[in-house]
1. Give B:S102, B:S141, B:S93 a once-over and let me know the one that is closer than 22 Å to B:D47 by Cβ and either touching a residue at least 40 places away in the same chain (Cβ under 8 Å) or basic (K, R) (or both).
2. I'm trying to understand the selection: among the residues of segment B:31-66, which are among the charged types (D, E, K, R) and over 22 Å from B:Q136 (Cα atoms)?
3. Name every residue in segment A:107-162 that is touching a residue at least 12 places away in the same chain (Cβ under 8 Å), assigned to a loop (DSSP other than H, G, I, E, B) and more than 14 Å from chain B (Cβ to nearest Cβ), in order of residue number.
4. If I filter segment A:16-52 down to residues being within 18 Å of A:N241 (Cα to Cα) and in a helix (DSSP H, G or I), which single residue comes out as farthest from the other protein chains (Cβ to nearest Cβ)?
5. Of the conditions (1) more than 8 Å from chain A (Cβ to nearest Cβ); (2) among the aromatic types (F, W, Y); (3) surrounded by 18 or more Cβ atoms within 10 Å (Cβ to Cβ), B:Y66 satisfies every one except a single condition; which number is it?
6. Hey, does segment A:166-183 have a residue that's within 14 Å of chain B (Cβ to nearest Cβ) and either under 18 Å from A:Q282 (Cβ atoms) or modelled with pLDDT of 90 or more (or both)?
7. Which of the residues belonging to segment A:59-78 are facing chain B (nearest Cβ under 9 Å) and either outside any helix (DSSP H, G or I) or of a type in the set (A, V, I, L, M, F, W, C) (or both)?
8. Out of the residues in segment B:97-111 that are at pLDDT 95 or above and in contact with a strand residue (DSSP E or B) (Cβ under 6 Å, 6 or more places away or on another chain), state the one that is nearest to the other protein chains (Cβ to nearest Cβ).
Amino acid sequence: MSDSIFELVDNLPQKNVTTMMLKSLDSIVPGEWENTVGFVETIRKVTGETDEELIQQIGDRAVWLYNDKSQGYRRAMWLYQTVDRSDKALGSAALANKVGNKIPLVGGLLSKITPNPEKAQALDLSIKLVVELVAFCQINGIPGDSIGDFVGALGDYSGESLMRMAALVCVDGLIPLGPDFILKAQSTLSGIGPKDLESNSTFQGVSESIPGGNSKGKLDFIGESFGSVKGWMTDFVSSKNLSPEKVVKNLQGFLEFSDNKLDYVAAFIDVSTNYYEHTGTQTLARRLIERAFDEI
Amino acid sequence: MISLRKYLVALILSSCLLFTACSQQAPSRFDDAQQQSTSKGATAVVDTSQSGGTFNRYFPDGNSQYERIYSQEKKGFAEAKLKVGGKEIAILSISDTSNNPSAIAKFKESSSKISGYPAVTQGSSGTAVLVADRYQVKIRSKDSSFSESDRQAWLSKFDLRGLSKLK
């Protein structure tokens, strides 16, 4: 397990199931996400600078900032990694020989997958959204002096952050839960108790970082957070004219499946990709590099 | 026969070596920073540093053409984006150099000034001033339409005098 920020960014894959999935969603957020990998390459892309001495200074300062635990970057990285790792039994290794062409989601591969019950899926979606909110604050602080400044910063998502949110809406919302995924998630959240939350494996992984004290408080926090981002998600879906059918067409760019197997598609993506960790690492590196250049 | 066995043993041993070597991460130009910053007591931000929130009031306001969006606020550091028509054209920041004292050195070698404060250009995209020998105010272009003279003009729009009195 890599511990340094430069190794984490250097080790991001150029191509695997995660990047194929994200690329298939490009037309939903056109041109926003480019799979920039490698720490030095990321410094060059983010800053536009080419002077090696300057790149060294920026990278060194970024390494220092990342390693200072009080700065929140490590916690944010842990969150992105942990929320994506609850079950990766069918990881890249099993699929390595299939990468290059479309992955056929049929026969043997299909039998290895178990779709998540709707309640678990709705909870996963809500918890991932809360993780994004908490990680955002760990990485950026709470910018500005007003709620408006903060909401403005949140609404300013672009690049790999916007792609992460697009993927969340598509593969953790529309595909497993259907067009009314927001309503379903909300009714799940209001219908469950702290015990249900505690038994969810995604929650178990990240529980300690979710504000609220006990499980009841955390459940309330998840509900409130979901409520506050609901408007943004609704706007996103309507402005992009998104539907499960549209997302299916995108996903069929890298995955072969029949239209009546959407719950299997969602489960397959869940166990074979780590798009939160992948794009989260890219987001964190970008913010860290921006700050490092400002401070040197 | 013996030589074949020797050959095989050598081959296996060297494969093992190669395999072990490949599974290690290659040395990096950032190894020194990694080692120093993870040694006991190392810290990137000092306790005596100003809080980031105290810097917000010294930033220039946006206007009908330029949108200013605060983007980061951490101890000793505040940052905002400048956008025109939804497009990011520059990054504005104030940082407390007590967290990174080596940042001051470049100003000592410079004779240019903005609003009376020592100024430098940095790389191809940055311009900065040093206020009260402590606070670095920097603007970085994110789009070629935002030139060096734009950076200089926007630097003078910060409340640099106010910032110079911040203790």
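The values are calculated or read from the model by the stated rules, or taken from the named source; none is laboratory data. Worth saying up front: this structure is predicted, and the values here are computed from it rather than measured. With ideal geometry, Cβ positions are generated from the backbone for all residues, glycine too; neighbour counts draw on all protein chains shown.
1. Working: B:S102 fails: either touching a residue at least 40 places away in the same chain (Cβ under 8 Å) or basic (K, R) (or both); B:S141 fails: closer than 22 Å to B:D47 by Cβ.
Exactly one residue qualifies, and that residue is B:S93.
2. B:D31, B:D32, B:K40
3. Result: A:K112, A:I113, A:T114, A:P115, A:N116.
4. This residue is A:S24.
5. (3) is the only condition that B:Y66 fails.
6. No, segment A:166-183 contains no residue that is within 14 Å of chain B (Cβ to nearest Cβ) and either under 18 Å from A:Q282 (Cβ atoms) or modelled with pLDDT of 90 or more (or both).
7. A:A62, A:V63, A:W64, A:L65, A:D68, A:G72
8. Step by step, filter segment B:97-111, then rank; the result is B:A103.
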